[in-house]
Amino acid sequence: MTYDVIVIGGGPAGLTAAVYVKRAGKSVLVIEKDAFGGQITWSPMVENFPAMGPVSGTDLGDLMTNRALELGAETEVGEVVALRKEGDLFAVTTDFDEEYQGRSVIIATGARPKTLGLPEEEQYQGNGECFCAVCDGAFYKDKVVAVCGGGNAALQDAAYLADLCRKVYLIHRRDTFRGEPVMVEKLRGMDNVEMVLGYQVKELLGGENLSGIRLEDSDGQSKDLVVDGVFVAIGHSPANEAFREWIELDEKGYADAGEDCVTKTPGVFVAGDNRKKTIRQLTTAAADGAVAALAACQFLDQN
């Protein structure tokens with residue numbers, strides 16, 4: 001079967017795109033390599049999505065997926081490893097050697113946060129380890145947290161959390177921060193922020209939920225901190241490499257496309273956190289999905 005639109009990525013951007021494509025009366029296939037719903041399914045609770053009360057990330061992911069399915073979207077599980085053009089059609093190949101054809105493609109592969117590289121992280125993701133202060137900070141109100149990182153993202157997360165939490169440890173493996181000096185000075189002036197320089201997290205501690213972290217300096221000396229949560233802010237990795245031939249990438253690997261979600265290749269669009277942008281939130285991903293879907297439908301109507 002040839003689809004009008006193939007959406008690569010089943011997170012909020014990809015699922016929103018599928019809804020808009022189906023409402024336009026066109027066929028759509030969504031291919032997702034992990035869990036439909038995307039990274040939002042990691043969040044224990046989502047409270048910032050308009051028109052909805054508190055909902056778990058898993059439940060929200062299910063709601064978005066089910067809505068796309070109810071409208072007639074089709075789904076497949078697999079990681080897209082290749083995209084090529086065959087005449088007027090695009091051929092998408094997955095790691096299962098499955099091939100699908102579409103008249104247009106929306107790349108909504110997202111950007112995964114870089115982890116600390118510790119074996120116990122899988123256990124604590126959603127149970128104490130977080131990657132988004134804006135998303136999950138409210139769950140740690142009046143508690144003790146740590147922020148890992150030395151760039152602007154880590155500094156901004158620490159400042160945001162300092163307004164919510166009783167205590168914030170800012171941990172950086174170097175003696176100086178890479179972020180803006182004005183932000184560093186702002187944090188130095190906050191009574192509930194403690195900078196822990198020259199250390200990196202070597203182990204996450206606790207039982208079912210995180211209860212502490214073990215730090216180690218360059219000399220191998222270690223110390224433990226009692227914390228309720230740890231926020232990792234050491235960067236993201238956009239999943240765009242397989243599509244380098246079809247879309248422009250910036251120096252960090254993000255799709256260098258504007259708010260119209262249009263790429264250099266007619267018929268190929270991008271949406272969500274894999275696109276170069278300032279804010280990466282559930283709502284901005286959904287907005288991208290709508291824009292990319294409408295752009296794809298316009299392309300199809302004109303070709």
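The values are calculated or read from the model by the stated rules, or taken from the named source; none is laboratory data. Values in this document were obtained by computation on a predicted structure and should not be read as measured data. Please note: Cβ atoms are built from the backbone with ideal geometry, for glycine as well, and neighbour counts cover all protein chains shown. Ligands, DNA and RNA are excluded from the accessible area calculation, which covers all protein heavy atoms including side chains. Shrake-Rupley method; radii C 1.70, N 1.55, O 1.52, S 1.80 Å.
Over all alpha-carbon pairs in the chain, figure out the percentage whose distance exceeds 37 Å.
Numbers: 10036 of 45753 pairs.
Value for the chain (Cα pairs over 37 Å): 22 percent.
To the nearest 20 debye, what charge dipole does the chain have about its Cα centre, counting +1 at the Cβ of each Lys and Arg and -1 at the Cβ of each Asp and Glu?
680 debye
Given a 10 angstrom Cα cut-off, can you work out which residue in T278, T93, T41 is the most mobile in a GNM of the chain?
Evaluated over the chain, the most mobile residue of the options is T278.
Ignoring ligands, DNA and RNA, what percent of the accessible area of the stretch 125-196 is carbon or sulfur (1.4 Å)? Please list the in-between numbers first.
On the way: 1530 of 3410 Å².
So the carbon and sulfur contribution to the accessible surface is 45 percent.
Tell me which of G61, S27, I40 sits at the most positive position along the dipole axis of the stretch 10-75, charges placed on C-beta atoms (Lys, Arg +1; Asp, Glu -1).
Working it through, the farthest residue towards the positive pole turns out to be S27.
Please report the carbon-and-sulfur percent of the accessible area for the stretch 1-80; probe 1.4 Å, protein heavy atoms only, DNA, RNA and ligands left out. Working shown, then result.
On the way: 1710 of 3450 Å².
Roughly 49 percent, rounded to a whole number.
Indicate, rounded to the nearest 5 percent, the antiparallel portion of the DSSP beta bridges found entirely in the chain.
The answer is about 45 percent antiparallel.
Helix 12-23 versus the longest principal axis of the chain: what is the Cα-based angle in degrees, 0 to 90, to the nearest 10?
20 degrees
Between V28, V262, V226, where does the largest GNM mean-square fluctuation fall for the chain, given springs only between Cα atoms within less than 10 Å?
V226
Check the cysteines of the chain one by one and keep only those with no other cysteine Cβ under 4.7 Å from their own.
C130, C148, C165, C261, C297
Given a Förster radius of 25 Å and the C-beta distance between A82 and R112 as r, what FRET efficiency does 1/(1 + (r/R0)^6) yield to the nearest 0.05?
0.80
Give the lysines reachable from K264 as a straight Cα distance under 22 Å; neighbours fewer than 8 places away on the same chain don't count.
K85, K252, K276, K277
Please compute the modelled spin-label separation between E122 and A290, points set 7 Å along Cα→Cβ, answer in nm with one decimal.
Each label point is offset 7 Å from its Cα along the Cβ direction, giving 3.7 nm.
Residue separation times 0.36 nm, minus the C-alpha to C-alpha distance between T265 and Y160: what's the value? Kindly include the intermediate steps, with their values, before the conclusion.
Details: separation 105, 0.36 × 105 = 37.80 nm, distance 3.92 nm.
Residue separation times 0.36 nm, minus the Cα-Cα distance, leaves 33.9 nm.
Rank F243, F177, F96 by mean-square fluctuation in a GNM of the chain with C-alpha springs under 10 angstrom and give only the top-ranked residue.
F96
Per residue, how much accessible area does the chain show when a 1.4 Å probe rolls over the protein heavy atoms, in square angstrom?
Heavy-atom accessible area per residue stands at 47 Å².
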